[in-house]
Amino acid sequence: MSKAIYAFSGDPITFGHIDIIQRASELFDQLIVAIGVNPNKNYLLSLEERTQLAKTALANFHNVKVVSFAGLLIDFAYEIGADVIVRGVRNFSDLEFENSMFQTCQSQEITIESVILMSKSRLAHISSSNVKQLQQEQGLIHEYVPLNVKQALEARMSGQYIIAVTGEIGAGKTYVTNKFMELAQAKKIKAHHLDLDLITHSILKDLPQPKYQLIRQAIVQEFGKKVKNTDGSINRKVLGEIVFKDRKRLKQLNEMLHQPLLVRIRRELYGKKGLIFCNAALIGEAGMSYLSNNMVCLVKTEKKTQKRRLLERELTEDQIERRLKSQYTFAQKKSFFKKIIQQDNFGKIWEINNSGIGAEADIKKKFAEIIRYFGLG
């Protein structure tokens, strides 16, 4: 049985590391992923944290075992009976370094072969240091690291604990979020309400930066002059009448708003610490559950209450029907999040029943579970 070892610091593990690990696991019967200690490095995460993050990220690899070690790699490889040391190389600088390491290992009178695996071009730019620099400036890192790592870095570097609050239209997402804010204030826990709908409104209405003005112009060009108000802002009611009648047009609008929305979300998140409740009706439909690391409060209510709330917004029966058809039902949202949590091997759903006299008690219960999960209470 062939046994290989792949060693790195893992501060933190990235998709670049995981790609090398996956390819190595297909070449050898057993692969030991060894998280090491370099006395010349200042680590953000402890050895225990780095090891646990790697274990979670690699849980689906059946022939991979994650361990930690200290001292010379060649000695550790010898003691565990490794036949090969796997090296991941991104560029010529890495190759030169790995050649030097190979020669150094040979000088220790232990003969263990090295196998070089070159990084794929689409992953070659990913490094642990790049990830940390991006997080420091509130950049998006979900394409660099698994979500369990993203969550750990948000907590450690930015002091942020992000939870999505979502559900069908009229389920009471804003009410639940406001209750969470009150509960956090009572416990003296810092908390913020990030309403993606309001952020979208600001893009459509009055953000003065040139790019947002161009986006509003593009929307008018695409959907017609009737969606434009006299002050240059977008008439959301008229635009809604167009897109909620046609799924393709709704998808088109969402695609136009996707990038500016992400920029504004980053701007809103910058410098905020504590619990961040991301109130977003379509976070699943838009494929943006990574923002909250698949941490989701899924709000539901009875149909009678839902309809009453929507009528109070002065929506007609036809408008209500179209809007309900344009997004997932509660069951579909739950199914989506369950699938994506399984796919990403990370995430959690808190269901909240916002119906009747028991709603407030359920909100309090789920809030208590959330702060326990994040170790804040």
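Every read-out reported here was derived from the displayed coordinates using simple, explicitly stated rules and does not represent laboratory data. Source: prediction; values computed, not measured. All Cβ positions, even for glycine, are placed from backbone atoms using ideal geometry, and neighbour counts span all protein chains on display.
Structure values in brief
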{"quantity": "Ala218-Val263 FRET efficiency (beta carbon distance; Förster radius 25 Å; 0.05 resolution)", "calculated": "0.95"}
{"quantity": "R0 of 45 Å, Cβ-Cβ distance Ile357-Glu255: FRET efficiency to nearest 0.05", "calculated": "0.60"}
{"quantity": "Most fluctuating residue given options Thr305, Thr51, Thr166, as computed from a GNM of the chain linking Cα atoms under 10 Å", "calculated": "Thr305"}
{"quantity": "From the C-alpha gyration tensor of region 138-373, square roots of 5λ in Å", "calculated": "29, 23, 17"}
{"quantity": "Value of relative contact order over the chain, rounded to a whole percent, pairs C-alpha under 8 Å and six or more apart", "calculated": "18 percent"}
{"quantity": "Alpha-carbon Rg/Rh ratio, for region 262-372, with Rh computed the Kirkwood way", "calculated": "0.98"}
{"quantity": "Candidates Leu269, Leu196, Leu214, ranked by Gaussian network fluctuation over the chain, Cα under 10 Å, top entry", "calculated": "Leu214"}
{"quantity": "Filter on Lys173/Lys338; Lys248/Lys333; Lys251/Lys365; Lys179/Lys303; Lys188/Lys338; Lys179/Lys251 - keep pairs with C-alpha separation over 30 Å", "calculated": "Lys251/Lys365; Lys188/Lys338; Lys179/Lys251"}
{"quantity": "Inter-site label distance for Glu312 and Arg23 at 7 Å from Cα along Cβ, in nm", "calculated": "5.8 nm"}
{"quantity": "Cβ charges +1 (Lys, Arg) and -1 (Asp, Glu), total dipole of the chain, debye", "calculated": "2080 debye"}
{"quantity": "Peptides 199-205, 9-15, 124-130 ordered by average Cβ neighbours within 10 Å, highest first", "calculated": "9-15, 199-205, 124-130"}
